[in-house]
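S.K.: Got a structure for you, questions after.
The values are calculated or read from the model by the stated rules, or taken from the named source; none is laboratory data. Since the structure is predicted, the reported quantities are computational estimates derived from the model, not experimental observations. When we count neighbours, we look across all protein chains shown, and the Cβ atoms used for this are built from the backbone with ideal geometry, even at glycine. The protein model used for the area step is the full one, side chains on, heavy atoms only, and it has no ligands, DNA or RNA in it. Shrake-Rupley method; radii C 1.70, N 1.55, O 1.52, S 1.80 Å.
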Amino acid sequence: MKIVFPDAGSLGSDLDLSIFRKAGDFFHWENTAKEELPSRIREANVIITNRVNLGEAELKNAPDLALITLTATGYNNVDIEYCRKRKIAVANVAGYSTESVAQHTLAMLLYLLEHTRYYDDYIREQRYLADQRFADVSKPWNEIAGKNWGIIGMGSIGRKVASIAEAFGARVCYASTSGIKRDEAYEAVTLEELLRRSNIVSIHAPLNENTENLINRSRLSLMKKSAILLNLGRGAIVNEEDLIEALKSDKIGAAGLDVLREEPPQKDSDLLGLIDTGKLLVTPHNAWGSLESRRRLVREVFENIRAFAGNEKRNRIV
């Protein structure tokens with residue numbers, strides 16, 4: 001098989017990708033521009049990709065393509081219907097980043113909750129030396145213990161975050177975005193009740209017709225003025241314009257976003273204008289990206305290819 005990975009740089013430059021040579025002739029590039037894609041996939045039997053758009057126009061340039069295997073859980077960059085028509089198999093990966101995203105969720109919360117930016121600047125700017133106080137608590141912060149932590153999307157990541165929240169002494173509730181009732185260890189409530197009740201809200205849901213624009217002006221207005229909102233699902237779940245307004249008008253306390261509607265944002269993004277206020281933390285869609293998580297991901301993709309070669313269906317969407 002000829003295996004091509006047009007955007008291998010999306011996984012970082014520190015991974016060993018040589019495992020794919022065990023499955024066939026392997027070619028990879030850090031990035032691939034739109035005009036470069038046709039020549040790079042023309043003879044491919046397998047395409048590995050994270051974000052490259054593979055619609056009908058692109059896939060027509062790959063007549064021998066048999067498998068697309070994604071280095072992600074989401075697959076909205078692939079024309080699934082066209083793949084069905086062409087009998088191109090599509091596989092994804094899931095569950096590889098649970099520990100990484102859960103840890104990043106906690107890191108974002110603690111950064112905002114404990115005003116880490118303020119106190120880091122306090123030291124860097126030598127105000128600690130100038131004040132000659134043994135301790136500075138001018139930016140009060142709260143403990144997680146005893147607080148209500150609401151989780152939107154109780155999948156594997158949501159469950160892991162819930163266990164961390166409990167370990168810190170928080171009371172956990174969750175709202176399902178799928179409508180599917182499961183036997184969970186935590187209290188299920190409506191989204192509206194979760195937003196009213198919670199001091200901390202973290203989002204771990206996929207983007208679909210049920211979740212797009214889920215957190216908007218009306219729902220933000222239900223939240224406590226001191227509440228912290230964390231989005232580690234997909235950017236379009238939160239209406240960014242409404243969030244900006246809520247932060248500017250102190251309708252909620254702070255927000256942490258690892259995902260944005262547009263990634264990366266434009267230079268004139270109103271969101272970025274809030275970074276220096278201490279009310280907003282943005283990270284570059286890297287919650288999934290611990291070294292261990294990325295190594296698991298590479299292995300999972302390889303196993304998808306090996307299963308396909310052996311006529312076995314593994315992690316298949318099509």
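S.K.: Mean-square fluctuation check for the chain, GNM, Cα pairs under 10 Å: which of K224, K279, K87 is largest?
M.R.: Looking only at K224, K279, K87, the biggest GNM fluctuation is shown by K87.
S.K.: Go through segment 75-88 residue by residue and turn each phi into a ³J(HN,Hα) via Karplus (6.51, -1.76, 1.60, θ = phi - 60°); whole Hz please, and just put x for glycine and proline.
M.R.: For segment 75-88, the Karplus curve yields 9, 6, 8, 10, 7, 5, 5, 5, 5, 4, 5, 8, 6, 8 Hz.
S.K.: Please state the charge dipole magnitude for segment 171-318, taken about the Cα centre, from unit charges on C-beta atoms (+1 on K and R, -1 on D and E), reported in debye and rounded to the nearest 20.
M.R.: Charge dipole of segment 171-318: 480 debye, to the nearest 20.
S.K.: If you don't mind, another one. Assign one of three labels to segment 160-256, namely rounded, prolate or oblate, based on the Cα gyration tensor with a ≥ b ≥ c the square roots of its eigenvalues; rounded applies when a/c is under 1.5, prolate when it is not and a/b is larger than b/c, and oblate otherwise. Numbers along the way, then the final one.
M.R.: Values: a/c = 1.82, a/b = 1.27, b/c = 1.44.
Verdict is oblate for segment 160-256.
S.K.: Moving on. Can you bin segment 20-79 into rounded, prolate or oblate? Criterion: square roots of the alpha carbon gyration tensor eigenvalues sorted a ≥ b ≥ c, rounded for a/c under 1.5, prolate for a/b above b/c, oblate for the rest.
M.R.: Taking the square roots of the gyration eigenvalues as a ≥ b ≥ c, segment 20-79 is rounded.
S.K.: Same structure, new question: In cubic angstrom, how much convex hull volume per residue do the alpha carbon atoms of the chain span?
M.R.: Convex hull volume per residue, Cα atoms: 160 Å³.
S.K.: May I ask you to evaluate 6.51 cos²θ - 1.76 cosθ + 1.60, the Karplus curve with θ = phi - 60°, for each residue of segment 54-68 and list the ³J(HN,Hα) values in order in whole Hz, giving x for glycine and proline?
M.R.: Working through the residues one at a time gives 10, x, 4, 4, 6, 6, 4, 7, 10, x, 9, 5, 10, 8, 10 Hz.
S.K.: Turning to a different aspect of this structure: Along the charge dipole of the chain, Cβ charges K/R +1 and D/E -1, which of A307, A165, F27 sits furthest on the positive end?
M.R.: Most positive-ward Cα: A307.
S.K.: Another question about this same structure. What relative contact order, as a whole-number percentage, does the chain give when Cα pairs under 8 Å and 6 or more residues apart are counted?
M.R.: Across the chain, relative contact order equals 17 percent.
S.K.: Also, I was wondering about something else. Would you grab the residues whose amide H sits under 5 Å from the one on A91? Only those 5+ places off in sequence or on another chain, please, with H modelled 1.01 Å from N.
M.R.: For A91, whose amide H was placed from the backbone, the distant partners under 5 Å are I68, T69, L70, I317.
S.K.: Tell me the net charge near G169. Cut-off is 15 Å between Cβ atoms, G169 excluded, with +1 for each Lys or Arg and -1 for each Asp or Glu.
M.R.: Numbers: positive: K147, R171; negative: E143, E166.
Taking every Cβ under 15 Å from that of G169, the sum is 0.
S.K.: While we're here: Nearest-5 percent of antiparallel DSSP beta bridges in the chain? Don't skip to the end; give the middle numbers.
M.R.: Details: 1 of 38 bridges.
Of the beta bridges lying entirely in the chain, close to 5 percent run antiparallel.
S.K.: Moving to a separate point now. Quick check: the distance between the Cα centres of segment 244-276 and segment 1-28, to the nearest angstrom?
M.R.: 35 Å
S.K.: If you plug each phi of segment 296-313 into the Karplus form 6.51 cos²θ - 1.76 cosθ + 1.60 with θ = phi - 60°, what whole-Hz ³J(HN,Hα) values come out, in order, with x for Gly and Pro?
M.R.: 4, 4, 4, 5, 4, 5, 4, 5, 4, 5, 5, 5, 4, 4, x, 6, 10, 8
S.K.: Please report, in debye to the nearest 20, how large the charge dipole of segment 256-299 is about its Cα centre when each Lys and Arg carries +1 at its beta carbon and each Asp and Glu carries -1 there.
M.R.: About 400 debye.
S.K.: Which Cα, out of H104, H115, G74, lies furthest along the positive dipole direction of segment 30-132 (beta carbon charges, K/R +1, D/E -1)?
M.R.: Value computed over the given set: G74.
S.K.: Let me have the 222 nm mean residue ellipticity of the chain computed from DSSP H runs of 4+ only, each contributing -39500 (n - 2.57), with the sum over all residues rounded to the nearest 500.
M.R.: Value at 222 nm, helices only: -8500 deg cm²/dmol.
S.K.: Ignoring ligands, DNA and RNA, what percent of the 1.4 Å accessible area of the chain is carbon and sulfur?
M.R.: Carbon with sulfur: 48 percent of the solvent-accessible area.
S.K.: So which lysines pass the test for K147, namely a Cα distance under 27 Å, with those fewer than 8 places away in the same chain ruled out?
M.R.: Answer for K147, where 27 Å is the Cα cut-off: K139, K160, K181, K224, K225, K248, K251, K279, listed by chain and number.
S.K.: Still on this structure: Compute the FRET efficiency between I19 and S163 as 1/(1 + (r/R0)^6), taking r as their Cβ-Cβ distance and R0 = 41 Å, and round to the nearest 0.05.
M.R.: Approximately 0.85, to the nearest 0.05.
S.K.: Continuing with the same structure: Which of rounded, prolate, oblate describes segment 1-109, given a ≥ b ≥ c as roots of the alpha-carbon gyration tensor eigenvalues and a/c under 1.5 marking rounded, otherwise prolate only if a/b is larger than b/c?
M.R.: Prolate, because a/c is 1.5 or more and a/b exceeds b/c.
S.K.: Using a Cα-Cα cut-off of under 25 Å, which lysines could be cross-linked to K85, ignoring same-chain neighbours fewer than 8 residues away?
M.R.: By straight Cα distance, K85 reaches K2, K34, K60, K313.
S.K.: About the Cα centre, and with charges only on the beta carbon of Lys, Arg (+1) and Asp, Glu (-1), how big is the dipole of the chain? Nearest 20 debye, please.
M.R.: Here the chain has a charge dipole of around 800 debye.
S.K.: Can you give me the accessible area per residue for segment 221-318, using a 1.4 Å probe, in Å²? Numbers along the way, then the final one.
M.R.: Working: 4820 Å² over 98 residues.
With the other protein chains kept in place, segment 221-318 gives 49 Å² per residue.
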